[in-house]
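Everything on this sheet refers to the single structure shown next.
The values are calculated or read from the model by the stated rules, or taken from the named source; none is laboratory data. Predicted model only: the values in this text are computed from it and were never measured. We place every Cβ from the backbone using ideal geometry, glycine too, and count neighbours over all the protein chains shown. Surface areas here come from the heavy atoms of the whole protein model, side chains and all, with no ligands, DNA or RNA. Shrake-Rupley method; radii C 1.70, N 1.55, O 1.52, S 1.80 Å.
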Amino acid sequence: MTIVHQTDGAWAPIHGVQTLTRMIATCTVTYHDGRQMEVACEPYPVAETLDIGKVEQLIADGLWGDDDLAPYGLRTARAEEVPEGQQRIGSPSYVERDGEILERWETEEIPSPPADPTAAERLAALGLSVDDLKQLLGAAE
C-alpha cells in the first residue's frame, strides 16, 4: 500500500513527516463564565503535521480509512498485478481509474537463468585451463 497526494493534477507518493492542510468548519466559542462550545462556522484551512509512516500503520491496523485520509487530500494506491513471467522495472506511476488510484509499473520479461558453466568455464574462473588440470593430475601420479 502506498499513500499518495495529488499535486498539480498528478498523483505522487508521499512519505515522511508532512504538513498538510485540511478544512475545518467548527469554531470553539468561549463564554465569559468559562464555558466552551463548538459551533458551526465558515470553513477555514488548518495546517497539521502528519507522520505518514504512522498513518500507514493506522491504516494497516484498520484504525484509519479513506474517510480519515480524504480531508488531507490523501488516498491509498493499489498496486496493479504483475503478469506471470514479468518483473517490475523503473519507477511507478499513479493513475486514477474508476475512482481508484492504481500504482502502475513498466514490466519486462524475467530473463532465463544462465546456463550452468561448463567444466572448462569453472576451471577458467579459478585461473586454470583443462591442460593445466591435466598437468596437475599427471604430476600427482
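So here's what we get for this one:
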read-out	value
Selection within the stretch 42-56 - open to solvent by 70 Å² or more (accessible area, probe 1.4 Å) and within 10 Å of Val17 (Cα to Cα)	Thr49, Lys54
Set Glu96, Glu81, Glu42: member being among the acidic types (Asp, Glu) and assigned to a loop (DSSP other than H, G, I, E, B)	Glu81
Residues of the stretch 16-39 classified as open to solvent by 80 Å² or more (accessible area, probe 1.4 Å), assigned to a strand (DSSP E or B) and over 20 Å from Tyr72 (Cβ atoms), total	4
Qualifying position, being out of contact with any strand residue (DSSP E or B) (no Cβ under 8 Å at 6 or more places or on another chain) and within 30 Å of Ser112 (Cα to Cα), among Glu80, Glu84	Glu84
The stretch 89-113 residues that are more than 30 Å from Gly73 (Cβ to Cβ) and open to solvent by 100 Å² or more (accessible area, probe 1.4 Å), paired with ones that are at pLDDT 90 or above and in a strand (DSSP E or B) (beta carbon under 7 Å, 6 or more apart)	Glu109/Gln86
Residue in the stretch 57-68 that is under 30 Å from Ile3 (Cβ atoms), open to solvent by less than 100 Å² (accessible area, probe 1.4 Å) and touching a Ser or Thr at 6+ places or on another chain (Cβ under 8 Å) present	yes
Output for the stretch 70-88, where each listed residue is of a type in the set (Asp, Glu), exposed (fewer than 11 other Cβ atoms within 10 Å of the Cβ) and under 20 Å from the mean Cα position of the chain (by Cα)	Glu81
Condition check for Thr7: open to solvent by 80 Å² or more (accessible area, probe 1.4 Å) and of a type outside the set (Phe, Trp, Tyr)	no
